[in-house]
1. Does A50 qualify as being exposed (fewer than 14 other Cβ atoms within 10 Å of the Cβ), at pLDDT 90 or above and of a type in the set (A, V, I, L, M, F, W, C)?
2. Does A10 satisfy being modelled with pLDDT of 90 or more and surrounded by fewer than 13 Cβ atoms within 10 Å (Cβ to Cβ)?
3. What residue, among those in the stretch 74-95 that are open to solvent by less than 60 Å² (accessible area, probe 1.4 Å) and assigned to a helix (DSSP H, G or I), is modelled with the lowest pLDDT?
4. Collect the residues in the stretch 1-52 that are under 9 Å from the mean Cα position of the chain (by Cα), touching a residue at least 12 places away in the same chain (Cβ under 8 Å) and in a helix (DSSP H, G or I), keeping them in residue-number order.
Amino acid sequence: MEYYFVTAGAIRDEHGVVHRTYGIALWKDGGVRRKIEDISTNKHHVKLMARCMNRRRVASVHFEGVVEDMLACGSPRVAKNKSFFSQAVRHIHIAAIY
């Protein structure tokens, strides 16, 4: 079984201020297989991404591509409908079929 979950980290900006960041990791075969760190400082945004990837059962080979596509879509706050991240995931699934 594989699933995606939110990770936490921190980065220091040019002024020395530390900011909490969030990423996504892939759990597969009893351990973390891949992770993308520092996706956003918005935990809710990253949780939505991971939840959508789990709901759509994104294959591990598409992990990086789906995250990239979701980020290209922008913030869920500006989304016009609730299928915001699902659009990015759907494009990856369609591409994998052909």
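The values are calculated or read from the model by the stated rules, or taken from the named source; none is laboratory data. Predicted model, so just to flag it, every value in this text is computed and none were measured. Cβ atoms come from the backbone with ideal geometry, glycine included; neighbour counts cover every protein chain shown. The area values use the complete protein model at the heavy-atom level, side chains included, leaving out ligands, DNA and RNA. Shrake-Rupley method; radii C 1.70, N 1.55, O 1.52, S 1.80 Å.
1. Details: exposed (fewer than 14 other Cβ atoms within 10 Å of the Cβ): no; at pLDDT 90 or above: yes; of a type in the set (A, V, I, L, M, F, W, C): yes.
No; evaluated as a whole, the condition is false for this residue.
2. Numbers: modelled with pLDDT of 90 or more: yes; surrounded by fewer than 13 Cβ atoms within 10 Å (Cβ to Cβ): yes.
Criteria met by A10.
3. Restricting attention to the stretch 74-95, the residues satisfying the condition of being open to solvent by less than 60 Å² (accessible area, probe 1.4 Å) are 74-76, 79, 83-86, 88-89, 92.
Okay, now just the ones that are also assigned to a helix (DSSP H, G or I), so 76, 84-86, 88-89, 92.
Details: P76: 59, F84: 53, F85: 57, S86: 60, A88: 58, V89: 57, I92: 49.
So the residue we want is I92.
4. Pass one, the stretch 1-52, residues under 9 Å from the mean Cα position of the chain (by Cα): 4-6, 23-25, 36, 39, 45-52.
Now narrow it down to the ones that are touching a residue at least 12 places away in the same chain (Cβ under 8 Å): 4-6, 23-25, 36, 39, 45-50, 52.
Correct list: H45, V46, K47, L48, M49, A50, C52.
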